[in-house]
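Report on the structure given below.
Every read-out reported here was derived from the displayed coordinates using simple, explicitly stated rules and does not represent laboratory data. Bear in mind that the values here come from a model prediction, so they are computed numbers and not experimental data. As a convention, Cβ positions derive from the backbone with ideal geometry for all residues, glycine included, and neighbour counts pool all protein chains shown.
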């Protein structure tokens, strides 16, 4: 690690410290729920929870919102979940889906978030079931949402197998999966 920090701090702490604090606002979406009580969301609904970790002036966050989340098929999947957005530079105190009171930055470190945007998915009982911790194009992003919504992780622990089967079903229906693009061709 740069500056000889290896062994002194965790990788996630180092990466978070490298993020430039920005006064830029996050890109809001109508489906984001504003709350610091993630435990209450889990308790009040049987729908899964997606927690977005973003930062201002984040180029990939902008692509996520302007291209991937703007896609109609993606939005159909996203609105089936509860979605919350946090700024990784916030000094907020929150309650996690599991009921732990904690500073947001500490929770981010505990989760090992090192990239923005990241999305962590929790089941209705507040247990993490999946995460997106790297940039994905539309098909893969949709597939993660579908994997969580269908609770496919209970019967198919390999996301790679799940996504291959999903792509095959879409192709059998006569559509292209276009894993490298931003537009859905399988609405």
*asked:* Relative contact order of segment 44-187, please, whole-number percent, based on alpha carbon pairs below 8 angstrom and at least 6 residues apart.
replied: 27
*How much length is gained on full extension from residue 158 to residue 115, taking 0.36 nm per residue of separation minus their Cα-Cα distance?*
13.2 nm
_Working only with C-alpha atoms, what are the Rg and Dmax values of segment 102-187, expressed in angstrom?_
14.7, 48
_Full-stretch length increase - residue 30, residue 67 - with 0.36 nm per residue and alpha-carbon distance subtracted_ = 11.8 nm
*asked:* Can you give me the angle between helix 159-172 and the longest principal axis of the chain, using Cα atoms only, in degrees from 0 to 90, rounded to the nearest 10?
replied: 30
*asked:* Running a GNM on the chain with Cα contacts under 10 Å, which residue among 29, 62, 54 ends up with the highest mean-square fluctuation?
replied: 29
*So, by mean Cβ neighbours within 10 angstrom, what's the order for 156-167, 65-76 with the highest one leading?*
65-76, 156-167
_Based only on other Cβ atoms within 10 Å, what is the fewest-to-most ordering of 141, 32?_
32, 141
*asked:* Given the -39500 (n - 2.57) contribution per DSSP H run of 4+ residues, what per-residue ellipticity at 222 nm results for the chain, rounded to the nearest 500 deg cm²/dmol?
replied: -9000 deg cm²/dmol
*What is the ratio of the Cα radius of gyration of the chain to 2.2 N^0.38 Å, where N is its residue count, to two decimals?*
1.06
_Pairwise FRET efficiency - residue 100 versus residue 43, Cβ, R0 = 22 Å, nearest 0.05_ = 0.95
*Full-extension gain in nm, residue 169 to residue 92, via 0.36 nm per residue minus C-alpha separation*: 23.4 nm
*Among DSSP beta bridges lying fully in the chain, give the percent that are antiparallel, nearest 5.*
55
